[in-house]
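Working notes for the structure below.
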Amino acid sequence: MSTSYVSYWQPMLEEDRITSGYCWFDYRRNVCRIDGLFNPWAEKETGYSLWMSEIFTPGEGQTRKAKIAYTKSGGREQTTYQAIPLNDDVDACHELLLTQDILIRNNAIYAGSQTILAMQTDAWIFTRQLKGQSTYYFQQGTNHLVRMVTGDPNKHASVRDFPNFDTHIIPDHIFSISKNLVKY
């Protein structure tokens, strides 16, 4: 599966940002890739926005991150952005970020249906260790993820919308780890 995503907060606080990107999950090959602006990211503290391309390969026991810092400068009339490549990171990874059995593994409870992004959805609530409460909304009667909410939206929750879920076959080169990860 692949889809674009929009990431935001509910409610939005002054320091919160809306970001977006694209993700690819191939469960048959046990690999996934996520490209986009990192959210949450402390832009005030670091001085830049962070774009990241991350490929998770649990079969190889690693995740590789290619990162680019976007700094901005300028006055009231014009803003200039500069892209600065950062060093790649390689970390341990033993499972995909979003496993197919996430609802079963976390004893999810059905929370009813509602319309999200003009689609009828089924909501499932569960709690993951060290992550807190999550609510996942799937297009009704399918495993097509429409929205993920992590945290309590009445306090401050991370929300990710997936508006164009696609089940086409993903080309091999999307998951290839090369010197220049940012190209696809």
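Bear in mind these aren't lab numbers, they're just calculated from the coordinates by the rules spelled out. Predicted model, so just to flag it, every value in this text is computed and none were measured. All Cβ positions, even for glycine, are placed from backbone atoms using ideal geometry, and neighbour counts span all protein chains on display.
Between Q82 and R29, full extension at 0.36 nm per residue minus the direct alpha carbon distance yields a gain of 15.5 nm. In this Cβ point-charge picture (+1 for Lys and Arg, -1 for Asp and Glu), the stretch 34-76 has a dipole of about 240 debye about its Cα centre. Can you list residues whose amide H is under 5 Å from W41's amide H, if they're 5+ apart or on another chain and H is modeled 1.01 Å from N? Placed amide hydrogens put nothing under 5 Å from W41.
Could you go through the stretch 58-68 in sequence order and give the Karplus-derived ³J(HN,Hα) for each residue, using 6.51 cos²θ - 1.76 cosθ + 1.60 with θ = phi - 60°, rounded to whole Hz, and x for Gly and Pro? Once θ is set to phi - 60°, the couplings for the stretch 58-68 become x, x, 9, x, 8, 10, 10, 10, 9, 10, 9 Hz. Note on the chain: with a GNM built from Cα contacts shorter than 10 Å, the maximum mean-square fluctuation among M52, M12, M148 falls on M12. Under the classification rounded if a/c is under 1.5, otherwise prolate if a/b is larger than b/c and oblate if not, where does the stretch 27-72 fall, given a ≥ b ≥ c as square roots of the Cα gyration tensor eigenvalues? In terms of gyration-tensor shape, prolate. For the chain, the square roots of the Cα gyration tensor eigenvalues, ordered a ≥ b ≥ c, give a/c of at least 1.5 with a/b no greater than b/c, which places it in the oblate category. Residue order for K65, K72, fewest other beta carbons within 10 angstrom first, comes to K72, K65. Working from label points 7 Å from Cα in the Cα-to-Cβ sense, the L97 to Q133 distance is 2.4 nm.
The phi torsions of the stretch 88-93, fed into the Karplus equation with coefficients 6.51, -1.76 and 1.60 and a -60° offset, translate into couplings of 5, 10, 10, 10, 6, 8 Hz, rounded to whole numbers, with Gly and Pro shown as x.
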